[in-house]
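Colleague: After the structure tokens below, expect a handful of questions from me.
Only the coordinates and a few stated rules stand behind these numbers; no lab work does. Everything numeric in this text was worked out from a predicted model, so none of it was measured. Using ideal geometry, Cβ is built from the backbone for each residue, glycine included, and neighbour counts are taken over all protein chains shown.
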Amino acid sequence: MSLKITGFETHDVRFPTSLTGDGTDAMNTDCDYSSAYVSLFTSGDLVGHGMTFTIGRGNDIVCAAIKELAQRLVGKNTEELFANMGKTWDHLCSDPQLRWIGPEKGVIHIALGAVNNALWDMYARSRSKPLWKLIVDMTPEELVNATAFRYITDAITKEEALAMLEEKAATKAEREVHVREVGYPAYVTSAGWLGYSDEKVARLTKEAVQAGFNHFKMKVGADRSSDLRRGKIIRSIIDDSAHLPADIAPRDPNGPDLIGKNAGPTGCVLMIDANQVWDVPQAIEYVESLQEIKPWFIEEPTAPDDILGHAAIRKALKPYGIGVATGEHAHNRMVFKQLLQAEAIDVCQIDSCRLAGVSEVLSVLLMAAKFRVPVCPHAGGVGLCEYVIHLSLIDYIAVSGSMERNVLEFVDHLHEHFLYPCSINNRGRYNVPSNPAEGYSIEMHNDSIARFEWPHGSYWVNEHAAAKARGVNGH
Ligand SMILES: [Mg+2]
């Protein structure tokens, strides 16, 4: 049915996570996880919801940018927009005046992530499919047309992408059945925030092992002796088969899914994340000094735009068997293109809304598959886990065709605010979203928006001062 986009509304929604130390790392010490949320409306019942993630102050600035971009969709015919989402994406990011305050970076680009994701959510709802299913059911031509291709054809042409997708097309159905059955591999970050005490880290790590997880990530970079101490605590738990659930056998650390990941005797893997705190030489020296805790990779060792810096760190750490991962702050597909071309990363960490929505994510999935670098999306925050399971399913079913070496970040915070929250099975893997009404799984409960909207929501007006006074502060 032909509908027109008639309008939109935005919401600046902020959750008081700074009270508990959730989300603390070496760079981000005081986070109030926030959603710059947008709903698109049509001349019919069809709606689309999207958001981008911030950590508090500035969320209002992103909402202002979202309003400017969403205005470009008002009056448009939905079927014409859906018919070529790559062209639609080009239209959204090429406003002749807004472009000046990017282009394709910073506030304007993450705002575009919210708007593009809302339109994809609407498209999926219009076909009564979850977003991942909408995309894996596309023909290779349709998928390539939905992708942002400008500025990446020196790394991958449309013809190469088509050939890659065609090669995978015949076996898509088998992979879909398989992943619905076993779930998509995940890892936990929630045990290793810097703001947590040693006791809390140990307790949360034991709980995560019991829940079936076998990849764990710890924040580093604020204090070397504390990093080593916490790393040893985590390793002492994950490497001890006594902590494994009774019905889970240790995995072979030299198996094809774990080789090269510095897995311990039980097949468990530790990763570390510095959130950009170091200069390049400092990163190399610091990570060398943590080699005893045997990380698979160091994530975000330095400035996210420093492609050659990441390449230098990767080269220097190779003799120790420690890899480099980055991407959650890589602001567009060109940064990923160069990280791949410069052989700067072992793991590609796309973000669902720092990249400007699904269309730009597809371009990075295609490039990573061509360069044979596994995609392990960034998640956590608020809403990111709900989003990224869709992206990893697209990668596995339609693009790269593999998942057992990949791991998708999982952080168990704030899922209760969503109508279709993500979930994890008893093997520490994401369940496949399968409600035909859920679109991109990002619709938030109206009462959560009303309670946490900044600054006039009932939580911020009535409850915050009292919560702060009670001193529920984990730092
Ligand atoms: Mg990170």
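Colleague: Which of rounded, prolate, oblate describes region 172-430, given a ≥ b ≥ c as roots of the alpha-carbon gyration tensor eigenvalues and a/c under 1.5 marking rounded, otherwise prolate only if a/b is larger than b/c?
Modeller: It is rounded, given that a/c, with a ≥ b ≥ c, falls under 1.5.
Colleague: Let me check I've understood the local charge: for residue 24, count other residues with C-beta under 9 angstrom from its C-beta, Lys and Arg +1, Asp and Glu -1. What total comes out?
Modeller: That works out to -2.
Colleague: Also, quick follow-up: May I ask you to order 197-205, 123-131 by the average number of other C-beta atoms within 10 Å around their residues, highest value first?
Modeller: 123-131, 197-205
Colleague: On to the next question. Which shape class applies to region 101-226: rounded if a/c is under 1.5, otherwise prolate when a/b exceeds b/c and oblate if not, where a ≥ b ≥ c are the square roots of the Cα gyration tensor eigenvalues?
Modeller: In terms of gyration-tensor shape, prolate.
Colleague: Related question: Size of the dipole of region 172-430 about the Cα centre, Lys and Arg at +1 and Asp and Glu at -1 on the beta carbon, nothing else charged, in debye to 20?
Modeller: The dipole magnitude comes to about 380 debye.
Colleague: How high is the relative contact order of the chain, in percent, counting Cα pairs under 8 Å that sit 6 or more residues apart?
Modeller: Relative contact order here is 20 percent.
Colleague: While we're looking at this one, here's another question. Fewest to most neighbouring Cβ within 10 Å: what's the order for 54, 6?
Modeller: 6, 54
Colleague: Note down the net charge around residue 410, summing +1 for each Lys or Arg and -1 for each Asp or Glu among other residues with Cβ under 12 Å from its Cβ.
Modeller: Its environment carries a net charge of -1.
Colleague: Can you give me the long-range amide H partners of residue 324? Hydrogens built in the peptide plane at 1.01 Å from N, cutoff under 5 Å, separation of 5 or more residues or another chain.
Modeller: Long-range HN contacts for residue 324: 298, 346, 347.
Colleague: Please tell me the relative contact order of region 172-430 in percent, rounded to the nearest whole number, where contacts are Cα pairs under 8 Å and at least six residues apart.
Modeller: Result for region 172-430 is 20 percent.
Colleague: Can I ask one more? Collect residues whose amide H, placed 1.01 Å from N in the peptide plane, falls under 5 Å from the amide H of residue 187; neighbours closer than 5 in sequence don't count.
Modeller: 408, 409, 410
Colleague: So how do 186-196, 328-338 stack up, highest first, on mean other-Cβ count within 10 Å?
Modeller: The most tightly packed comes first, giving 186-196, 328-338.
Colleague: Still on this model: For n ≥ 4 DSSP H runs only, could you compute -39500 (n - 2.57) per run for the chain, divide by its residues and tell me the 222 nm figure to the nearest 500?
Modeller: Calculated from helices alone, the mean residue ellipticity at 222 nm is -11000 deg cm²/dmol.
Colleague: Another one. How big is the equivalent ellipsoid of region 209-285 along its three axes, where each semi-axis is √(5λ) from the Cα gyration tensor, reported in whole Å from largest to smallest?
Modeller: Value: 27, 14, 9 Å, ordered largest first.
Colleague: Report, to one decimal in Å, the Kirkwood hydrodynamic radius for the chain based on all distinct Cα pairs.
Modeller: 22.5 Å
Colleague: Something else: Can you work out the PRE-style zone for residue 139? Point 7 Å along Cα to Cβ, and I want the residues of region 73-93 with backbone N under 12 Å.
Modeller: The answer is none.
Colleague: For a footprinting-style exposure proxy, rank 419, 73 by other Cβ within 10 Å, fewest first.
Modeller: 419, 73
Colleague: When Lys and Arg each count +1 and Asp and Glu each count -1, what net charge do the other residues less than 13 Å away from residue 101, Cβ to Cβ, add up to?
Modeller: -1
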